[in-house]
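Below you'll find the structure, written out as structure tokens, and then a few comments.
Nothing in this text is a laboratory measurement; each read-out follows from the coordinates by a stated rule. As the structure is a computational prediction, the values presented were derived from the model and not from experiment. Cβ placement follows ideal geometry from the backbone for every residue including glycine, while neighbour counts extend to all protein chains displayed.
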Amino acid sequence: MTKIAIVVFSDTDTVEALGKVSNAFMLASEAIENNIDIKIIFEGAGTKWIGELEKEDNKLNKLYLGLKPNITGACAFCAKAFGVKSEVEKAKITLLSEYKEHPSLLSLFTDGYQVLNF
């Protein structure tokens with residue numbers, strides 16, 4: 001069985017970054033439609049996306065809301081470091097801290113996930 005972990009590292013400040021998140025969400029949507037096990041994790045500057053995606057006027061808001069049940073979480077350390085911890089908590093996204101306050105990306109590999117970074 002195929003398992004995919006999508007890790008969003010992209011910052012929120014460019015059109016390119018918006019394209020990366022859009023592509024990550026397209027992959028996630030396709031995987032869900034094909035009954036593939038997926039995890040979506042926001043890491044690094046990517047944690048800033050949560051607050052942006054929660055905004056109703058964001059171009060990706062509706063797609064984000066549809067995928068929200070498949071979001072595994074966001075990096076606890078990075079959400080704090082980038083000043084968005086309260087936005088992540090308000091969105092009810094789990095703060096991940098399995099390895100030194102970061103998500104354990106290694107565990108994704110050992111659990112058989114193919115990891116794709118956006």
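For a Förster distance of 22 Å, can you work out the FRET efficiency between the beta-carbons of SER107 and SER22, rounded to the nearest 0.05? Can you show the working numbers first?
Numbers: r = 27 Å, r/R0 = 1.23.
For R0 = 22 Å, the calculated efficiency reads 0.25.
Roughly how many nanometres apart are two label points built 7 Å out from the Cα toward the Cβ at ALA91 and LYS3?
2.4 nm
If we sort 48-55, 100-107, 76-83, 20-27 on the protection proxy, mean other Cβ atoms within 10 Å, highest first, what's the order? Write down the numbers at each step before the final one.
Working: 48-55: 20.8, 100-107: 14.9, 76-83: 19.2, 20-27: 17.8.
The densest-packed peptide leads the list: 48-55, 76-83, 20-27, 100-107.
In what order do VAL84, VAL115 fall by count of nearby beta-carbon atoms within 10 Å, going from fewest to most? Numbers along the way, then the final one.
Numbers: VAL84 23, VAL115 15.
By the 10 Å Cβ count, ascending, the order reads VAL115, VAL84.
From the Cα gyration tensor of the chain, with a ≥ b ≥ c the square roots of its eigenvalues, which class applies: rounded if a/c is under 1.5, or else prolate if a/b is larger than b/c, or else oblate?
oblate
What is the magnitude of the charge dipole of segment 70-114 about its Cα centre, with +1 placed on the Cβ of each Lys and Arg, -1 on the Cβ of each Asp and Glu, and no other charges, expressed in debye to the nearest 20? Before the final figure, lay out the partial values.
Numbers: 5 positive and 5 negative charges, 34 e Å.
For this selection, approximately 160 debye.
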